[in-house]
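Just below is one structure, and these are the notes that go with it.
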Amino acid sequence: MTERLNRHDARRQADFDLNFGKEVAEAPGGENLYECIQCGACSGACPMSAYMDHTPREIIGMIRSGMKEDVLRSETVWLCASCYSCTVICPRQIKITDLMYSLRQRALKDNTYPKRIPLPVMARDFYKMVHRHGRTNEGRLMTNVYLHTNPFDLIRQTPLALKLWRHGRMHLRQESVEKPSELRDLMQSVK
Amino acid sequence: MDYLYYPGCSIKESGIAYEESLTAIMDVLNTPLQELEDWNCCGATTCISVESDEAIALASRNLALAEKQSNSKGTVDLVTPCNACYLTLMRATHYLSERQDIAGKVLPALDKQGLHCDNRVRIRHPLDVLVNDVGVKAISDHVRRKLTGLKVACYYGCQMVRPYATFDDPHRPTSMDQVMKALGAQTIDWSLKTKCCGAALGSLLPDIVEQLCHDILREAEKRGAEVVVTGCPLCHFNLESNQSAIRKRHPDFKTIPVAYFSQIMGLGFDLPPKKLGIQRLFIPLPASLTAGAGKGGEYVTA
Ligand code: SF4
Ligand code: SF4
Ligand code: SF4
Ligand code: SF4
């Protein structure tokens, strides 16, 4: 994973977007953003911090300082496993996990998501499948994701797929809701 | 009480043994589950990574369907065995009551399709129903094959207990332990029962997830557990399917079977293993646990 931001990467004032913090605070999860005391309890509780480029505490600090670029390009936002350890431990009731979703949405919209990890692609493929059918199929979904990221992984995963198949734990039938178009309309109309 | 049942996609596929065994034990306990008609994927943590309002609309459609299908005019109980679905549906109920901006868009959009969400749905994990509605007493009354001496590690994962659930403690939950003890089994005391396994990152960032799973499994093994017991198809998948890779990296690691709590309950109720999807597990359960099950055979600890 990438190096932590250190003194040599110091940003200039011009790189900051001071509205960024306000915008994030208004989206779901941002409610108590300005209450953060930078205690680091979230980072300590986070099972993924060791693999992240910035810890959750750093991300909060960076959002408030307006380091939009760095935040929206960070892998942290995508490595979050939604385990909610941070959210339940935060003394200021900051919904850090929900905040990560709102940052992912921004990064996808602005096309600033990190290209080296497959998670953003998987989010899009999953979303598309739900949009189309109203249900997901694990085997098909993963096939799409591997084809869109690293087709070689498809070969690497074949033994597992066969094992699932043999144990009756995989089928390639695309299940769907009765009227997928109605579900699509529902989603469109709140956009 | 009537229980509607929201299966979720995983439980219809890799987690099918969970559905098979859960249905079987709930029938024995006279608490049948009625599947929600025309349910859609809840969207998990993935759709909300793309768009919030749409994600909440998607999940809320299931809530509205539940209100429509239920005979109850008051609270509707929707039982949700997948941790990710449990969290996602629960999140929708919270957003609808806490975020006026989102509710203001989602509720009218549902109305237009003849679906109404009046905030009447209670999302319930099966363990919540078992401990708080059915009760451990009723469970032990149905035990036909006491699992005395069996040592299990109850693994809850994260999203069953965090951040919304109120039926158990977010870090040191006990409901699964209570159920296992009602069967006569022994549960190990450990601090990793709610440590994250890496979730959906599993198939995409295998190195990280293998390491997280290794920590959890190793601890269970060290404390003498014979089986790791889970209550989520994704937790189950990660903990089970990563073991061959873990063994390559850590040759001293021994494999440990991973089962659903409902499968272990079924074995305690003396149901036939086939009905519980036991043959679908990659790592077989200890022979002592399955031998003679469903035929009135007594359990003798290995
Ligand atoms: S735990 Fe809460 S208050 Fe502490 S650093 Fe994290 S977000 Fe800020
Ligand atoms: S929810 Fe995400 S950021 Fe928070 S502790 Fe879990 S992995 Fe870390
Ligand atoms: S969260 Fe996962 S298991 Fe649950 S409905 Fe969605 S895709 Fe299926
Ligand atoms: S343990 Fe893993 S699969 Fe289970 S709920 Fe947590 S993140 Fe999801």
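Read-outs: derived from the displayed coordinates by stated rules, not from any lab. Keep in mind that this is a model prediction, so the values were computed, not measured. No Cβ is skipped: glycine too gets one built from the backbone with ideal geometry, and neighbour counts run over all protein chains shown.
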Pairs from A:K95/A:K115; A:K115/A:K163; B:K146/B:K193; B:K68/B:K105; A:K95/B:K222; B:K73/B:K112 whose Cα-Cα separation, in the structure shown, is over 29 Å: A:K115/A:K163; A:K95/B:K222
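Would you please name the GluC sites (Glu not before Pro) within segment A:88-189 that are DSSP coil residues with at most 12 other C-beta atoms within 10 Å of their C-beta? Could the numbers behind the result be given before it?
On the way: sites: A:E138, A:E175, A:E178, A:E182; in loops: A:E175, A:E178.
Listed in order of number, the matching sites are A:E178.
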Can you find, among B:L289, B:C213, B:A24, the residue sitting farthest towards the positive end of the charge dipole of chain B, where Lys and Arg contribute +1 and Asp and Glu -1 at Cβ? B:L289
For chain A, with only Lys/Arg (+1) and Asp/Glu (-1) charged at the beta-carbon, what is the dipole magnitude about the Cα centre, in debye rounded to 20? 580
What percent does the relative contact order of segment B:3-126 come to when contacts are Cα pairs within less than 8 Å and at least six residues apart? 31
What does the charge count near B:S72 come to, summing +1 for each Lys or Arg and -1 for each Asp or Glu among other residues with Cβ under 15 Å from its Cβ? 0
All other residues with a Cβ under 11 Å from the Cβ of B:K274 taken together, and with Lys, Arg as +1 and Asp, Glu as -1, what is their net charge? +1
Quick one: Karplus J couplings for segment A:126-142, per residue in order, coefficients 6.51, -1.76, 1.60, θ = phi - 60°, nearest Hz, x for Gly and Pro? 4, 4, 5, 5, 5, 4, 6, 10, x, 9, 10, 10, 4, x, 5, 4, 5
Normalised by the number of residues in chain B, what is the relative contact order in percent for Cα pairs under 8 Å and 6+ residues apart? 20
Cα centroid of segment B:243-282 to Cα centroid of segment B:121-192, whole Å: 17
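With contacts defined as alpha carbon pairs under 8 Å and 6 or more residues apart, what's the relative contact order of chain A in percent?
18
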Separation of segment A:13-86 and segment B:1-21 by C-alpha centroid, Å? 35
Out of B:L87, B:L110, B:L239, a Gaussian network model of chain B with alpha-carbon springs under 10 Å gives the largest mean-square fluctuation to B:L110
What Kirkwood hydrodynamic radius do you get for chain B when you take the inverse of the mean 1/r over all pairs of distinct Cα atoms, in Å? 19.7
May I ask you to list the aspartates and glutamates whose Cα is less than 13 Å away from that of B:K248, ignoring any residue fewer than eight positions away on the same chain? B:D207, B:E210
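Among B:117-125, A:55-63, what's the highest-first ranking by average C-beta atoms within 10 angstrom per residue? The partial results should precede the final answer.
Values: B:117-125: 19.9, A:55-63: 23.0.
Averaged packing, sorted descending, gives the order A:55-63, B:117-125.
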Work through the residues other than B:L107 whose Cβ is under 15 Å from its Cβ and net out their charges, Lys, Arg +1 and Asp, Glu -1. -1
